[in-house]
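Let me begin by presenting the structure, written as structure tokens, before commenting on it.
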Amino acid sequence: MTVPFLDLSAAYQELKSELDGAYRRVMDSSWYILGSEVTTFEKEFAQFCGAQHCIGAGNGLDALHLILRGLGIGPGDEVLVPSNTFIATWLAVTHAGATPIAVEPDSATHNMDPARVAKAITARTKAIIPVHLYGQPADMDPILSIAREHGLKVVEDAAQAHGARYHGRRTGVLGCAAAFSFYPGKNLGALGDAGCVVTDDAELAQRIRELGNYGSAQKYHHEAVGFNTRLDELQAAFLRAKLARCDEWNSRRQAIAAHYQTRLKGADLILPHVISAAVPVWHLFVIRVQQREAIARSLSEQGVATQIHYPIPPSRSGAYASLGLEAGSLPIAETLSREVLSLPIGPHMSIETADRVCDALLTALDGHG
């Protein structure tokens with residue numbers, strides 16, 4: 001038996017009638033852009049998060065970019081971003097014309113370290129973007145406190161944290177606005193690219209809605225230099241079908257993660273650490289292990305697929321060579337990039353399959369001890 005990293009076909013099989021019905025609704029309507037499916041999904045997802053407003057976007061990167069543009073952040077400004085994240089967080093800042101300033105993570109949670117946030121603030125800092133990495137909320141209270149002290153905006157990158165909670169509140173309502181991705185592999189995934197912004201700020205929501213629709217609130221009236229990044233009807237319809245199962249599917253992920261934590265306790269690896277305020281939704285289950293490549297190769301030989309999130313920190317990518325961040329300047333992110341290994345996890349994975357992964361991993365560790 002082989003174990004895939006994530007089985008997307010199983011999600012379709014479970015929701016086949018709902019997803020097929022969503023497709024037929026849109027095709028029968030012959031309305032494909034900014035119709036009732038988008039409007040209804042925006043209301044439903046805002047309610048899911050506990051927010052006042054949701055604005056659909058073409059993808060998660062665009063959603064984050066629109067927030068920064070909507071806040072008026074641009075050339076000459078600095079935005080604090082995690083050193084350990086997918087590059088989209090940094091790209092959104094760059095696309096807005098601002099400069100990303102890397103903040104190292106807490107080595108236990110892999111999320112932005114609040115103690116380092118305070119030290120990174122300068123007179124040019126305008127915003128902080130904590131990422132709820134792997135589906136675990138960042139430690140938001142101290143970050144928000146620092147932001148208030150310095151008059152900064154806090155924008156959540158919640159691309160991996162649909163439904164996660166921090167002190168009982170959903171991600172998406174912890175800062176001034178949040179960006180979500182609905183990439184197919186996410187906890188709430190579309191069947192193509194999609195994203196959204198969530199906020200309680202009515203004025204910001206309106207600016208973002210206009211910016212994403214050619215800078216227009218009324219057809220052919222363009223009051224801003226906008227973009228074309230909209231959630232389409234078909235993806236919104238699919239997302240509505242999946243949103244109804246999001247909490248249930250997150251619970252299944254949580255059960256697999258708990259089983260991993262129990263079975264792998266005491267093994268020669270570092271397990272995920274969860275802060276007491278957080279209830280993660282386990283978009284990813286990421287361990288740290290020495291001889292990562294050898295361990296991953298052994299797992300593959302035993303039929304278990306793994307992935308690496310992320311093998312190259314943004315600071316070491318060619319896209320940001322101009323920042324002059326030399327090797328070793330962000331040592332925690334660079335260490336994580338050499339040691340992290342993501343194990344299979346998903347809502348359609350059984351405990352028996354999780355045991356298969358654990359058995360294979362323990363065998364691999366014994367063989368490379």
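The values are calculated or read from the model by the stated rules, or taken from the named source; none is laboratory data. Just so it is clear, the model here is predicted, and its values are computed rather than measured. Virtual Cβ from ideal backbone geometry, glycine too; neighbours counted across all protein chains shown. The accessibility values were calculated without ligands, DNA or RNA, using every heavy atom of the protein model including side chains. Shrake-Rupley method; radii C 1.70, N 1.55, O 1.52, S 1.80 Å.
When each of the peptides 10-16, 241-247 is scored by how many other beta carbons lie within 10 Å of its residues on average, the order from highest to lowest is 241-247, 10-16. In this rough spin-label picture, where each label sits 7 Å from Cα along the Cβ direction, the E44-D141 distance is 3.4 nm. Annotation: T306 carries an accessible surface of approximately 30 Å², with a 1.4 Å probe and no ligand, DNA or RNA atoms counted. Sparse packing (at most 16 other Cβ atoms within 10 Å of the Cβ) combined with a DSSP loop state is found for the following GluC sites (Glu not before Pro) in segment 304-369: E326.
Modelled label positions at E203 and Q291, each set 7 Å beyond Cα in the direction of Cβ, lie 6.0 nm from each other.
What does the charge count around G185 come to, taking other residues whose C-beta lies under 13 Å from its C-beta (Lys +1, Arg +1, Asp -1, Glu -1)? Charge balance near G185 sits at +1. Hey, how many Å between the Cα centroid of segment 42-106 and the Cα centroid of segment 248-319? The two parts, judged by their Cα centres, are 25 Å apart. With semi-axes defined as the square roots of five times the eigenvalues of the C-alpha gyration tensor, the equivalent ellipsoid of segment 1-117 measures 34, 23, 13 Å, largest first. Accessible area per residue for the chain is 42 Å², calculated with a 1.4 Å probe on protein heavy atoms, without ligands, DNA or RNA. Compared with the direct C-alpha span, the chain from S36 to S107 gains 21.1 nm at full extension, assuming 0.36 nm per residue. For segment 160-210, taking the reciprocal of the average inverse distance between every pair of different Cα atoms yields a Kirkwood hydrodynamic radius of 11.9 Å.
If the segment from L323 to D366 were pulled out straight at 0.36 nm per residue, it would be longer than the present Cα-Cα gap by 11.3 nm. For segment 204-290, the Cβ-based charge dipole about the Cα centre amounts to some 240 debye (Lys, Arg positive; Asp, Glu negative; other atoms uncharged). Taking 7 Å steps out from each Cα toward its Cβ at Q13 and S216 produces label points 4.5 nm apart. For segment 288-335, the extents of the C-alpha atoms along the principal axes are 42, 19, 11 Å, listed from largest to smallest.
Of the residues F180, F86, F5, ranked by 1.4 Å probe accessible area with the largest first, the sequence reads F86, F5, F180. Note on segment 65-223: antiparallel DSSP beta bridges, both residues inside, total approximately 40 percent of the bridges counted. Per-atom-type breakdown for the chain gives carbon and sulfur 52% of the accessible area (1.4 Å probe, protein chains only). Kirkwood radius and radius of gyration were both taken over the C-alpha atoms of the chain, and their ratio Rg/Rh is 0.97.
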